[in-house]
Amino acid sequence: MKTYSEQLLLAVGAKLDAIHAATSTPILYSEQALKVLLPSLDQLKCFFLSHDFASQDEEIAFFKHIKPQFVYRLIYYNEVYNIEMGKPQGGEKAIRKFLHHELGKLQQFYAENQSFYKYYRMGSSYLDYIYFVRNEPDISFTLDSSYFHADQRFSTPHDYKTAKIMANDRLQEYLETELQRLDGRTMPEEKADRQLLQWTSSKVSLVELIYALHSEGAFNQGTAALKDVAQFFEKIFDVELGQYHRAYIEMRLRKNERTKFLNSLKERLLRRMEDADG
């Protein structure tokens, strides 16, 4: 299941990259992306329905990590399409108000799902057997109304909510970029006259560190968007990370150590402590 899903996701990623390379118009690329994602999700579902999980852990991994990777992209591009189609015609002031309203909807979602949002950001797992297993839903836990309309064979109480959080992260980046464009500015790129520290390890190692810190919720009480964290590190170290999302996928596909850099950090720190205890 994992191998099939990863290969399908890589194929989807390649198609989405090609779409973005061909057009930068949001309505066009979101519409084309949806045409790629919908049949891909159907492919995943068909394969899933013919597959028997060897354990509950495998089922949890699918609904917690694999399925949301497809669904969040579908949610994101659908939202981008709807936002672009819904933009008012009243000039920049009206558009800015509209975009801020859309950002407010994201914050409302976070507020309404604060408990699960913290659970997700902290990388917790103690309730996975409830959130990501196909059992009779426990109504004492907050459920999306969409769950009751979903195919129960292919859904759990919180796999959609997980995808929604992931989609909202990207949607926040998109909306903030649109607001910056209206203001006629880009993210600050000022460089210090003298850069005291330079990142001399690999860019992939930096991406691994960024994803780890973001997963830990280490910035802004766990509410910082991944893009903001990446841009912060790009600025302070004066590096260009490029397609860091692709680098993350490649890390996940590593045959041996998926967290090679983080493992090395831990080993070296422990060795330093042992030497100091010496």
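Data table
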| quantity | calculated |
| --- | --- |
| Count - residues of segment 197-254 that are within 17 Å of Lys118 (Cα to Cα) and either touching a residue at least 40 places away in the same chain (Cβ under 8 Å) or among the hydroxyl-bearing types (Ser, Thr, Tyr) (or both) | 9 |
| Single residue of Ile60, Ile66, Ile19 found to be surrounded by 11 or more Cβ atoms within 10 Å (Cβ to Cβ) and closer than 23 Å to Arg181 by Cα | Ile19 |
| The one condition in (1) loosely packed, with under 13 Cβ neighbours inside 10 Å; (2) assigned to a loop (DSSP other than H, G, I, E, B); (3) in contact (Cβ under 8 Å) with a residue 40 or more places away in the chain that Tyr126 fails to fulfil | (3) |
| Flag for Ala18 being in a helix (DSSP H, G or I), more than 30 Å from Tyr126 (Cα to Cα), at pLDDT below 95 and not basic (Lys, Arg) | yes |
| Positions within segment 217-237 being over 20 Å from Ile249 (Cβ atoms), more than 13 Å from the chain's Cα centre (by Cα) and acidic (Asp, Glu), in sequence order | none |
| Gln89 vs. criteria surrounded by 13 or more Cβ atoms within 10 Å (Cβ to Cβ) and polar (S, T, N, Q) | no |
| Top-ranked residue in segment 1-14 [being over 18 Å from the mean Cα position of the chain (by Cα) and touching a residue at least 12 places away in the same chain (Cβ under 8 Å); ranked as nearest to Phe53 (Cα to Cα)] | Met1 |
| The listed residue being modelled with pLDDT of 90 or more and of a type in the set (Ser, Thr, Tyr), out of Tyr126, Tyr117, Tyr147 | Tyr126 |
| Some residue of segment 33-51 being under 19 Å from Glu178 (Cβ atoms), touching a residue at least 12 places away in the same chain (Cβ under 8 Å) and assigned to a helix (DSSP H, G or I) | yes |
| Candidates Gly123, Gly104, filtered to the one that is small (Gly, Ala, Ser), within 21 Å of the chain's Cα centre (by Cα) and under 26 Å from Lys2 (Cα atoms) | Gly123 |
| Flag if Gln180 is in the same structural domain as Ile83 (by TED's automatic domain parsing) and at pLDDT 90 or above | no |
| Residue match in segment 90-109 (condition: modelled with pLDDT under 90, among the basic types (Lys, Arg) and either under 21 Å from Arg181 (Cβ atoms) or not assigned by TED's automatic domain parsing to the domain that holds Ala218 (or both)) | yes |
| Set Tyr248, Tyr211: member being of a type in the set (Ser, Thr, Tyr), closer than 30 Å to Tyr4 by Cβ, part of a helix (DSSP H, G or I) and touching a Leu at 6+ places or on another chain (Cβ under 8 Å) | Tyr211 |
| Where His65 falls short, out of the listed (1) at pLDDT 95 or above; (2) under 23 Å from Leu253 (Cα atoms) | (1) |
| Members of segment 52-106 found to be of a type in the set (S, T, N, Q) and assigned to a helix (DSSP H, G or I), listed by number | Gln56, Gln69, Asn78, Asn82 |
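The values are calculated or read from the model by the stated rules, or taken from the named source; none is laboratory data. Predicted, not measured: the structure shown is a model, and the values here were computed from it. No Cβ is skipped: glycine too gets one built from the backbone with ideal geometry, and neighbour counts run over all protein chains shown.
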